[in-house]
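K.L.:
Below you'll find the structure I mean.
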Amino acid sequence: MPKQGTVRLDRFAVEKCTVEEADEASGWKYWKNHSPQERLRALEQLRSLMIKADDDGNLPRLQRVLTVVERGEYGNRLNESI
């Protein structure tokens, strides 16, 4: 098991190819032939598939997290010198 904070690369998941092969595989030519409005419409459709609203139509949001930190003796001395 790798140590915490280290990253391992699965070398079998990476495939080498030429720039031309990458362009062909990415569908670049397909999207190049569509208008910016059509591309944005498709992007919005993909986004809405991935980010689902709840029954009331509310989109998920990041949770706010508040942490109360008590200042130690060192922090109090800093404020006294000001």
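Any read-out appearing in this document is the output of simple, stated calculations on the displayed coordinates, not a laboratory observation. The shown structure was predicted, so the numbers you read here are calculated from the model rather than taken from an experiment. Note: ideal-geometry Cβ built from the backbone for every residue, glycine included; neighbour counts use all protein chains shown.
K.L.:
In whole Hz and in residue order, list the ³J(HN,Hα) couplings for segment 14-22 that follow from phi through the Karplus curve 6.51 cos²θ - 1.76 cosθ + 1.60, θ = phi - 60°; x for Gly and Pro.
P.N.:
9, 10, 8, 7, 7, 4, 4, 5, 5
K.L.:
Could you list log10 I(q)/I(0) for segment 13-54 at q = 0.16, 0.17, 0.19, 0.23 Å⁻¹, which the Debye formula gives when each Cα is one point scatterer?
P.N.:
For segment 13-54 at q = 0.16, 0.17, 0.19, 0.23 Å⁻¹, log10 I(q)/I(0) is -0.61, -0.66, -0.74, -0.83.
K.L.:
Applying the Karplus parametrisation 6.51 cos²θ - 1.76 cosθ + 1.60 with θ = phi - 60° to the phi angles of segment 53-66, what ³J(HN,Hα) value in whole Hz is obtained for each residue in order, glycine and proline being reported as x?
P.N.:
Taking θ as phi minus 60°, the curve returns 7, 7, 4, 8, x, 7, 8, x, 10, 6, 6, 7, 10, 10 Hz for segment 53-66.
K.L.:
Per residue of segment 42-48, in order, report the coupling 6.51 cos²θ - 1.76 cosθ + 1.60 (Karplus, θ = phi - 60°) as ³J(HN,Hα) in whole Hz, putting x for Gly and Pro.
P.N.:
Each residue of segment 42-48 in turn: 5, 5, 5, 5, 5, 4, 5 Hz.
K.L.:
Can I ask one more? Tell me the GluC sites (Glu not before Pro) within segment 11-70 that lie in a loop according to DSSP and have at most 11 other beta-carbon atoms within 10 Å.
P.N.:
For GluC sites (Glu not before Pro) across segment 11-70 that sit outside H, G, I, E and B with at most 11 neighbouring Cβ atoms in 10 Å, the list reads Glu15, Glu70.
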